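K.L.:
Sharing a structure, written as structure tokens. Questions coming.
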Amino acid sequence: MTNVVGILGGMGPAAGADFVRLFVEACARLMRARGEPVRDQAFPEHWLAQVPVPDRSGAIESNALGAHQPLEPMLQALGRLAALGSRAVAIACNTAHAWHATLQARFPQVEVLHVAREVSAQLAAEGVRGTALMATEGTYRVGLYEQALADAGLACHLPLAEERSLLMRGIYEGVKAGDMRLAEHCFSQVALQLAQRHGPVAIVMGCTEIPLGLQGSAAVAGLRLVDPARVLASALALRAYDGVSQRIHA
């Protein structure tokens with residue numbers, strides 16, 4: 001018996017679509033770990049809501065009226081996923097977790113997973129002590145990962161201002177614009193600089209576009225890169241099969 005689960009995507013669409021792939025892989029991994037055959041009929045019912053959501057970082061950084069605007073389309077999409085019977089929902093965007101508390105409060109019958117808490121718990125369980133964070137300006141501004149990592153007893157190193165600008169360029173002019181070569185250049189530069197300054201830390205790719213830009217990059221082959229989307233997909237797979245949080249490793 002499986003539970004219906006949902007994925008709140010569209011931020012951007014490529015990241016939402018890739019999250020479905022990660023979720024399916026996590027389900028197959030879980031079945032194999034339990035010694036069960038991987039069959040089409042054994043995968044849980046899951047729904048993807050790919051909705052246009054206004055820029056999250058821009059809304060966080062703006063003090064103007066309407067800065068809350070990403071919330072409304074996310075609430076509407078979460079409502080549709082709840083109406084389809086979703087017991088748990090993963091948000092396929094790190095920055096969008098700035099609105100996690102409101103989303104969870106509006107839909108108490110649905111468990112809205114929190115990516116930073118899932119990542120922090122897994123890294124702590126693996127004995128990691130030091131991390132570095134690659135993310136959007138919006139994610140840095142709300143302290144999404146810093147607080148969750150600190151609560152789990154993990155140190156978190158942040159990029160310098162010029163490195164943050166490079167990350168934003170890779171996200172917006174790179175992945176979102178379809179220029180993957182530019183994205184790889186920007187992201188790998190920042191990752192290598194973080195590793196040079198802070199040593200062999202786990203580098204959290206805290207924006208769903210960053211892993212897309214670094215896929216197959218030889219430049220960062222020796223670094224410990226953590227993909228929060230992969231961790232979140234595994235957490236959603238567990239909710240789909242058990243409805244409880246027990247970790248499976250990617």
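The values are calculated or read from the model by the stated rules, or taken from the named source; none is laboratory data. Predicted, not measured: the structure shown is a model, and the values here were computed from it. Positions of Cβ are generated from backbone atoms using ideal geometry, with glycine treated the same way; all protein chains shown enter the neighbour counts. For accessibility, only protein heavy atoms count, side chains too; no ligands or nucleic acids. Shrake-Rupley method; radii C 1.70, N 1.55, O 1.52, S 1.80 Å.
K.L.:
Suppose we keep only residues that are in contact with a Lys or Arg (Cβ under 9 Å, 6 or more places away or on another chain) and at pLDDT 95 or above within region 232-250. Which one would you say is farthest from Ala183 (Cα to Cα)?
P.N.:
The first filter runs over region 232-250 and keeps only residues in contact with a Lys or Arg (Cβ under 9 Å, 6 or more places away or on another chain), leaving 233-235, 237-241, 243, 245, 248-250.
Then keep just the ones that are at pLDDT 95 or above; that gives 233-235, 237-241.
On the way: Ala233: 23, Ser234: 26, Ala235: 28, Ala237: 29, Leu238: 32, Arg239: 33, Ala240: 33, Tyr241: 36 Å.
Filtering first and then ranking leaves Tyr241.
K.L.:
Would you mind finding the one in Gln189, Gln215, Gln196 that is open to solvent by 70 Å² or more (accessible area, probe 1.4 Å), among the polar types (S, T, N, Q) and either more than 22 Å from Ala14 (Cα to Cα) or at pLDDT 95 or above (or both)?
P.N.:
Being open to solvent by 70 Å² or more (accessible area, probe 1.4 Å), among the polar types (S, T, N, Q) and either more than 22 Å from Ala14 (Cα to Cα) or at pLDDT 95 or above (or both) holds for just one of Gln189, Gln215, Gln196, which is Gln196.
K.L.:
Something else about it: Of the numbered conditions (1) within 21 Å of Ala15 (Cα to Cα); (2) over 17 Å from the mean Cα position of the chain (by Cα), Val201 satisfies every one except a single condition; which is it?
P.N.:
So Val201 meets the others, but not (1).
K.L.:
Yes or no: region 173-180 includes at least one residue that is touching a residue at least 24 places away in the same chain (Cβ under 8 Å) and assigned to a loop (DSSP other than H, G, I, E, B).
P.N.:
Yes, there is a match, as at least one residue in region 173-180 is touching a residue at least 24 places away in the same chain (Cβ under 8 Å) and assigned to a loop (DSSP other than H, G, I, E, B).
K.L.:
Considering only residues that are part of a helix (DSSP H, G or I) and open to solvent by less than 30 Å² (accessible area, probe 1.4 Å), look in region 1-19 and name the one that is farthest from Ala177 (Cα to Cα).
P.N.:
Phe19
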